[in-house]
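Encoded as structure tokens, the structure appears first; notes follow it.
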Number of protein chains: 2
Amino acid sequence: MNPARRSLEIVEHDEPQLGSATDVRLRLLEVGVCGTDREIAAFEYGDPPPGSEHLVIGHEALARVVDVGTGVTAVEPGALVVPMVRRPCPHASCRPCRSGRQDFCATGDFRERGIKQQHGYMAEAVVDDQEYMSLVPEELRPVAVLVEPLTIAEKALEQVRHIQRRLPWGTDGHTAVVLGAGPVGLLGAMALIVAGFETWVYSRSPAPNQKAAAAEAVGARYLSSETHSVDQLREEVGTIDLVYEAVGASKPAFDVLSVLGTNGVFVFTGVPGRKAPVEVDTDRLMRDLVLRNQVVLGSVNAGKGAFEEAIGHLREFDRRWPGAVRSLLTHHPIEAYEELLTGRAGGIKQVVDIGEEAS
Amino acid sequence: MNPARRSLEIVEHDEPQLGSATDVRLRLLEVGVCGTDREIAAFEYGDPPPGSEHLVIGHEALARVVDVGTGVTAVEPGALVVPMVRRPCPHASCRPCRSGRQDFCATGDFRERGIKQQHGYMAEAVVDDQEYMSLVPEELRPVAVLVEPLTIAEKALEQVRHIQRRLPWGTDGHTAVVLGAGPVGLLGAMALIVAGFETWVYSRSPAPNQKAAAAEAVGARYLSSETHSVDQLREEVGTIDLVYEAVGASKPAFDVLSVLGTNGVFVFTGVPGRKAPVEVDTDRLMRDLVLRNQVVLGSVNAGKGAFEEAIGHLREFDRRWPGAVRSLLTHHPIEAYEELLTGRAGGIKQVVDIGEEAS
């Protein structure tokens, strides 16, 4: 977080070698860039491996298996895979990590590839254990770099479905508002529509713009916070049953929380930077939470199940809306890294092409 | 809410008569007084039945069945019962109300006896349908007026248990903080201890005092916010897994929310009055919610299942801590109504004795 030297550069690493019998070696094909990467590149976040003076960035990856250890049964050389991000903490007392649910790690001593104490995927090759690999069908080669950002919505929706089973709720005929129209928001909107929600995307820029067009292409309705206040949003939607926050700023999020409907759920997924305290009508917020039986849920990272769900859903999105998912992507060569990590590139999701078979 | 005439008085009603075949007539024995009653008596809350210029108050009741309609099968004359508070809305589209879960009413058009559009229980006799009655064993006659306030914790804990099953959590070895040491808080602490939580009660007044003694008598640890900051509270507790808010004020609640642990749940049950907005570090709140996978839950009212659970638990409390539950109660004659509803009576839970067999 507070390194002696701050620079972004391409460095030479030795080719990584298989260590244990269950290791696989991956050739990276594509790596997505997100806000966390930009925070790391601004040296506001991130933590290199112990003993290392640098951190290899990148956690949204698509790769091909090129070599496997003698004990590998889950994948074969040639397989297309998306590797998971988080690795379990070492503590025997951590029930989530000991159950394969390190996305709920109770100790905070997990590692995350490309973020926290372990090198990431913006590299030609990496070695990792087979258990962190999710197999991707070849037809999803053009879009599977979006599996990881989609897992954010998958984990959130899995939890929402579970939580709402505590009352007679169901999902048919329900409304959802997605807050923010970046990749996480737009993928979340697609997942919500497939799950049966009538879905609005609420974001800053007035339509027409590329993000509004992407939202409307999949059947979401797009409203701008510059033309519609949260009260006007509520009037358009009627009862807001679910809010999926994907904007990473607390002020607009708490504004929308104030119009959440009875029995509604508000999911936070963004990690905001630290700004000054803001004034909140906490009495009203508390009254509404109680009298309306509301739930506010924070969700981070995702388990293996969410990766599998995301792969299934990407296929479903492609079937329903041909071309819509691919239109989110803008491809760049690795040499563009500085602009991608520190500038404001156009498009919706920036992807770095690494391997030779990149489309 | 804004009546032409504001006064508190004892009025004469005709003896209520059985209407439908499933009606029962109750002779009231005891009625508890809570903060909602005091808000209604201050004309800040509450709503009389349509066409009525007054509202009979009282929703925490213990009664004896004295007469039943020809179709009544659930109770017999002589039975001890606690009647529910909320009545379903009339809308066919309201799935919760149509499923007997009017505590999750989606339309807001429910009624509540003694609170909203239906007379309450601070009366000699009432008539109601058998489906809202929960049978109470005779041994609980001295304490069963606490069933209704205990249902707040029962509904909340039922939801917490359900919600936490979304991850490898379990309840053994977990910690809970109860915020507030009134009857709802102390009954909540007992329920949490029975459920296996190591439980702290965090309230304003420094010990020794009657509420601290009541908390400690059941094995909770009592800390005062005047001697322990929320950071000191966290140091005492370690990881705070659950907070059960029973204080009805948002400022201390949001203070404690800031020290909730990873995978923790914060339950709001209080309905605060409206004060000025306060400054909250919403960025930090949002970061913690997300990075710690936290849940904030608002909970109001309770379903039939929670009444049954509360009756079972009161018996368990009496078995574990003989005399502890009864020590929460201070009995008064109905003539003390004005002081009870507008003054600051001592003790923990104020109870009005109505029927002739009152203890």
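Structural remarks
- Annotation: per residue accessible area for segment B:1-151 equals 43 Å², rounded to a whole number [probe 1.4 Å, protein chains only].
- Gain in span if fully extended, B:R98 to B:L291, counting 0.36 nm per residue against the direct Cα distance: 65.7 nm
- Note on chain B: Kirkwood radius taken over Cα pairs, Stokes-Einstein applied at 4 °C and 1.567 mPa s, translational D equal to 61 µm² s⁻¹.
- Dipole moment magnitude, nearest 20 debye, segment B:150-298 about Cα centre, only Lys, Arg, Asp, Glu C-beta charged: 380
- When A:S258 is represented by a point 7 angstrom out along its Cα-to-C-beta vector, the spacings to that point in the other copies are 2.1 nm, nearest first.
- Scattering curve values for the protein assembly as shown, log₁₀ I(q)/I(0), Debye with Cα scatterers, q = 0.08, 0.11 Å⁻¹: -0.69, -1.13
- Chain A, dipole about Cα centre (Lys/Arg Cβ +1, Asp/Glu Cβ -1), debye to the nearest 20: 1080
- Cα-Cα separations in segment B:150-298 greater than 22 Å, expressed as whole percent: 34
- Fraction of accessible area attributable to carbon and sulfur, segment A:1-133 (%, probe 1.4 Å): 47
- With θ taken as phi - 60° and the Karplus curve 6.51 cos²θ - 1.76 cosθ + 1.60 applied, the whole-hertz 3J(HN,Hα) list for segment B:40-53 is 5, 5, 8, 6, 9, 7, x, 7, x, x, x, x, 9, 8 Hz, x standing for glycine and proline.
- Sorted peptide list for A:335-346, B:228-239, B:55-66, criterion being average Cβ within 10 angstrom, highest first: B:55-66, B:228-239, A:335-346
- Chains A and B together bury roughly 5100 Å² of accessible surface, counting both sides and using a 1.4 Å probe on protein heavy atoms.
- Positive-end extreme of charge dipole, segment A:150-298 - chosen from A:L297, A:P252, A:W200 (charges on Cβ): A:L297
- When only the Cβ of Lys, Arg, Asp and Glu is charged (+1, +1, -1, -1), the dipole of the protein assembly as shown relative to its Cα centre reaches about 60 debye.
- Were the residues from A:E226 through A:H91 laid out at 0.36 nm apart, the gain over their Cα-Cα distance would be 43.8 nm.
- Rounded to 5, the percent of DSSP beta bridges in the protein assembly as shown classed as antiparallel: 50
- Alpha-carbon centroids, segment A:1-73 and segment A:81-148: separation in whole Å: 11
- Among B:G71, B:L135, B:P88 - extreme Cα towards positive end, dipole of segment B:71-183, charges at beta-carbon: B:P88
- Of B:T239, B:G32, B:G182, farthest towards positive along the dipole that unit charges on Lys, Arg, Asp, Glu beta carbons give chain B: B:T239
- Listed residues A:S134, A:S224, A:S93, most fluctuating in chain A (Gaussian network, C-alpha, under 10 Å): A:S93
- Using a 7 Å Cα-to-Cβ projection, A:T70 label spacings across copies, nm, ascending: 8.7
- Fluctuation leader among B:R86, B:R284, B:R27 - chain B, Gaussian network, Cα springs under 10 angstrom: B:R284
- Per residue, chain B reaches -8000 deg cm²/dmol at 222 nm when only DSSP H runs of four or more residues are counted, each adding -39500 (n - 2.57).
- In terms of distances greater than 22 angstrom between alpha carbons, the cross-link table entries A:K251/B:K275; A:K155/A:K349; B:K275/B:K304 yield B:K275/B:K304.
The values are calculated or read from the model by the stated rules, or taken from the named source; none is laboratory data. In this text, all values refer to a predicted model and were calculated from it rather than measured experimentally. Quick reminder, even Gly has a Cβ in these numbers, built from the backbone with ideal geometry, and neighbours come from all protein chains shown. What goes into the accessible areas is simple: the full protein's heavy atoms, side chains included, and nothing from ligands, DNA or RNA. Shrake-Rupley method; radii C 1.70, N 1.55, O 1.52, S 1.80 Å.
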